[in-house]
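Below is one structure, written out as structure tokens; the observations come after it.
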Amino acid sequence: MNLNVILLGALLAASPVIAAPGGKPATDMSGGHGHAAMMRDMGKANSWTLYPTLKARMSGENRETMKTAIVPQNIVVANIDAWSNNLKDENGYRLLSMDMGGAMLDKPANGGFHWLAAREEQGETVRVASIVQAFGGNGGKDPTGMFMRQKHELEIIPLPFPREHSRYRANEDWKFLVRFNGQPLAGQKVQLETSNGSMAEFVSDAEGMVKVHVPDDFAAEEEQPAAGGHNHGARRAADLVLATEYADGGKTYLTAFNSSYGPNAFDKRSMAMGLGFTLLGMLGAVPLLRKRKNEQKAGEADNA
Amino acid sequence: MLKTIFPTLGRVRFAVQILMMFVTVYGGALLGSYTVNRISQSLPALSCAYDKMTGDHCILIVNQHLLHHRVGEALVKAQEVTLKVFIPVAVSVGVFFLFFFFLNKMFCGWVCPLGTVQELLYRIGRRLGRPLNRFNPKNVGRVRPVKWLMLLVLVLALPVMAGMGVVGNELGDPFCQVCPSRIATTLLTADSEQIAVRTSTTVNFALGALGNAMFGFIIIAALAARQPFCRICPMLSWNALFQKLSPMRLVKKDAHEKCEKCGVCEKACPMDIHEIGTQFGKKAFHEDCTLCGRCAEYCPDDDVIQIKFFGIKLFGSSREYYKKRVKMETPEGTQKKRVIEIKPGKPENV
């Protein structure tokens, strides 16, 4: 067998899907494994926005048997379009039919990113909801190709989407491309709404890029119940949706992209304590910097 | 041309270190955000997963996660201890070994970003005239077991126990929480998050405080001691487990009468491996060796110390090379002052 094939197989198999297994919630790209939080989300109605959104709901007793149901909210569709980051794979594009609990998305063997979209067309109005679902890691392919492939008329594309061990977080800036029929839209307004109640508006630049500032809107005192299993301490998370509207050819297009986000990077962290302990360590090493008498003499002798 | 740019093995290594520092610290920014998911995620060097720009992840975080999430949990549910548990562990270690097979512990001496940071700090320390603190043959033995303790407790035992529910989940990746590379590499990407101590639980706080104090100690100590963290790094012990399985080796002659009186290679060794001067043959390739090659560079006799791959000499000590090397830098790492001779004569083109 070709060595490259063996190596590639080994690399794929060593993916974080295996290393840190468990499908992550579509709305939590934290790199963590807050499965208990996913379970709590089940059955919640989407009442914080009127924009169309997709919700990924996980079910199952463990990560091996966990299933992902994609549930449309504020949009009525019969199918969900699913693109995988392995575009050339037989499952590169799939049409997932809606069931009682939503459209079921299988966890691919190699994990990786999926783009999921619901498209509703009524009269002269086309509405699209979209999310990214990541199955904890190494799909073997860079998902940029999947993101950039034209999937609908009006699109909001994350460039980049948070990778492994990362997620959208409050007080951070993330870039998105807004385009229509594959062409960047300059000066396009993009609305942001969050489940914590924030609203904002951003405008795309000449290249169609919009820099979105995720609002720091988590309540400071909010406490999360302790979670069982291997939950990494019940991560706090909220939802955000970006939406934009564009009229063309007598039709109105509304496209939304939703995801989750976490508190700001310094939530439950202390910079003062961090600097204090670092300084303490530095002071502990200071005696090493002092020259001993015999070394001083030797140095003086060298100089002489 | 190449000889002008890379006149010594040390210069080649330094260039590789800087190149690998860009890959391990900024690789994601340079090669694409998703590169980290595509190289190996099992690198035998402290390439930190907390660094959002890193190009690859270190094997130790993968180990801790596997032991925490797979082995520990599966041990509780004994019926689930099946191939699906052990194959991932075996594959992860296998991928690591594919890298390791070719370069052995060069990952420590040539690739690790924290190793490079410490070496750069040491160079600054030389410029500032700071003393050199070394372990002598009598006390170096005291620090050597610490790396095994770090591996056993922080990388292996606690993550498994966290997976089993014996200890809290905060102890799922305890080494990462105290690893100075986490703070150093994230700071190098202008990300100050990791230097802020986590306060969510007492264990998180304790680990964070210890990690920060260790980081502070290391960056100051590195000005006056060579590779202070490497000596207790669990990657060193992890790599030592596989050291004998790689064809990349440090090889010393079985006997050489001059070694007893010389000892220059011992002075050159950044890990204070005195055995390189006193032992011969296989024993000279010590578990703490990072294959930096300085002992071979500073050995004044021909081919007494060599770096070999599958028995083929890649680099060997030589008297001529030694003479050239010591003119540039002392075995302890102090740069020699360059004297530029200006000969009097008639100016040209006047």
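The values are calculated or read from the model by the stated rules, or taken from the named source; none is laboratory data. Note that this is a predicted model, so its numbers are computed, not measured. Cβ atoms come from the backbone with ideal geometry, glycine included; neighbour counts cover every protein chain shown.
Output the residues belonging to the stretch B:211-231 that are among the hydrophobic types (A, V, I, L, M, F, W, C), at the interface with chain A (Cβ under 8 Å from one of its Cβ atoms) and farther than 14 Å from residue B:50 by Cβ. Hits for the stretch B:211-231 are B:213, B:214, B:217, B:218, B:219, B:220, B:221, B:223, B:224, B:225. When residue B:314 is tested against (1) surrounded by 15 or more Cβ atoms within 10 Å (Cβ to Cβ); (2) of a type outside the set (D, E, K, R); (3) outside any helix (DSSP H, G or I), just one condition goes unmet, and that condition is (1). Is one or more of the residues making up the stretch B:266-275 β-branched (Val, Ile, Thr), at pLDDT 95 or above and either in a helix (DSSP H, G or I) or surrounded by fewer than 24 Cβ atoms within 10 Å (Cβ to Cβ) (or both)? Checking the stretch B:266-275: not a single residue is β-branched (Val, Ile, Thr), at pLDDT 95 or above and either in a helix (DSSP H, G or I) or surrounded by fewer than 24 Cβ atoms within 10 Å (Cβ to Cβ) (or both). Hey, any hits in the stretch B:30-43 for a residue that's part of a helix (DSSP H, G or I), in the same structural domain as residue B:166 (by TED's automatic domain parsing), at pLDDT 75 or above and surrounded by fewer than 19 Cβ atoms within 10 Å (Cβ to Cβ)? Yes, some residue in the stretch B:30-43 is part of a helix (DSSP H, G or I), in the same structural domain as residue B:166 (by TED's automatic domain parsing), at pLDDT 75 or above and surrounded by fewer than 19 Cβ atoms within 10 Å (Cβ to Cβ). When B:91, B:25, B:71, B:16 are checked against the criterion of being closer than 30 Å to residue B:323 by Cα and part of a helix (DSSP H, G or I), a single residue qualifies: B:16. The set of residues from the stretch B:188-208 being of a type outside the set (Asp, Glu), surrounded by fewer than 22 Cβ atoms within 10 Å (Cβ to Cβ) and over 19 Å from the mean Cα position of the chain (by Cα) comprises B:189, B:190, B:192, B:196, B:199, B:200, B:201, B:202, B:203, B:204, B:205, B:206. Scanning for something in contact with an Asp or Glu (Cβ under 6 Å, 6 or more places away or on another chain) and assigned to a loop (DSSP other than H, G, I, E, B), does the stretch B:289-306 turn up at least one residue? No, every residue in the stretch B:289-306 fails to be in contact with an Asp or Glu (Cβ under 6 Å, 6 or more places away or on another chain) and assigned to a loop (DSSP other than H, G, I, E, B). Would you please name the residue that is surrounded by the most Cβ atoms within 10 Å (Cβ to Cβ), looking only at residues in the stretch B:120-139 that are assigned to a helix (DSSP H, G or I) and under 18 Å from the mean Cα position of the chain (by Cα)? Ranking the qualifying residues of the stretch B:120-139, first place goes to B:122.
Just one of the numbered conditions (1) under 22 Å from the mean Cα position of the chain (by Cα); (2) on the phi < 0 side of the Ramachandran plot is not true of residue B:89: (1).
Does any residue of the stretch B:128-145 turn out to be in contact with a Lys or Arg (Cβ under 6 Å, 6 or more places away or on another chain) and under 23 Å from residue B:45 (Cβ atoms)? Scanning the stretch B:128-145 turns up at least one residue that is in contact with a Lys or Arg (Cβ under 6 Å, 6 or more places away or on another chain) and under 23 Å from residue B:45 (Cβ atoms).
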